[in-house]
Amino acid sequence: MGKEIERKFLLDRDKWLEVDKPTGQHFRQGYILTDPNKTIRVRTTETKGFLTIKGISVGASRLEYEYEIPLVEASELLDNFATSELEKIRYVVTYREKVWEVDEFLGDNFGLMVAEIELTSEDEEFELPEWIDQEVTEDQKYYNSNLTLNPYKLWAR
């Protein structure tokens, strides 16, 4: 059984801009199903495609099954079956031996930056980088699937 344990954080924009980071990777991702209890997502990078099925979040945990699929098929699924979509640039940064994925959103979610860390247990301890601002793990408006339906530009301060 696939299980994802992930915590999400907003970034301190000024501190993040100072970070020496690798080149980001462009993601296009759309949702075939967006339901409070489950989502079916298709994602493309420049070279790969993925199909992901996620269950309901309970705290920082949820069931997750992800499969690499041909890029052409992922693009066709996005074009023909996705009911909502977003784009972002993802940076993968290691801090204190932990991998952080930082997403800078584009389009209707431009200006939003979210960092995620995957853990082995909900109570796993880790150190926060100085560029982390506040935790939003359980705030559903920051779920990618919800950002496709209620984008950041509609509610940002």
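The values are calculated or read from the model by the stated rules, or taken from the named source; none is laboratory data. From a predicted model like this one, the values you see are computed outputs, not experimental measurements. Counting neighbours? That spans all protein chains shown, and the Cβs are built from the backbone with ideal geometry, glycine included. What goes into the accessible areas is simple: the full protein's heavy atoms, side chains included, and nothing from ligands, DNA or RNA. Shrake-Rupley method; radii C 1.70, N 1.55, O 1.52, S 1.80 Å.
Details
- Calculation over all alpha carbon pairs of the chain in 5 angstrom steps from 0 returns a P(r) of 2, 9, 17, 22, 23, 17, 9, 2, 0 percent.
- With all protein chains in place and ligands, DNA and RNA left out, the 1.4 Å accessible area ranks ARG13, ARG96, ARG28, ARG41 as ARG96, ARG13, ARG28, ARG41, largest first.
- For a label point 7 Å along the Cα-to-beta-carbon line of PHE126, residues of the range 79-107 with backbone N under 13 Å: 92-103
- Relative contact order %, the chain, counting alpha carbon pairs below 8 Å whose residues are six or more apart: 30
- Ordered by 1.4 Å accessible area with all protein chains kept, VAL58, VAL19 run largest first as VAL58, VAL19.
- Full extension of the chain segment joining GLU97 with LEU154 gains 16.9 nm, where the gain is 0.36 nm per residue of separation less the Cα-Cα distance.
- Rg and Dmax of the range 89-157, Cα atoms only, in Å: 13.0, 36
- For the range 3-44 versus the range 48-84, the gap between their alpha-carbon centres in whole angstrom: 13
- Efficiency of FRET from Cβ geometry, GLU118 and LEU17, R₀ 25 Å, rounded to 0.05: 0.55
- Segment GLU73-LYS3, extension gain: residue separation times 0.36 nm, minus the distance between their alpha carbons: 22.7 nm
- Solvent-accessible area of ASP139 with every protein chain in place, 1.4 Å probe, in Å² to the nearest 10: 60
- Pairs of Lys residues in the chain that lie 8 or more places apart, or on two chains, and have C-alpha atoms under 17 angstrom apart add up to 15.
- In the context of the full set of protein chains, residues of the chain present 57 Å² of accessible surface per residue (probe radius 1.4 Å, heavy atoms only).
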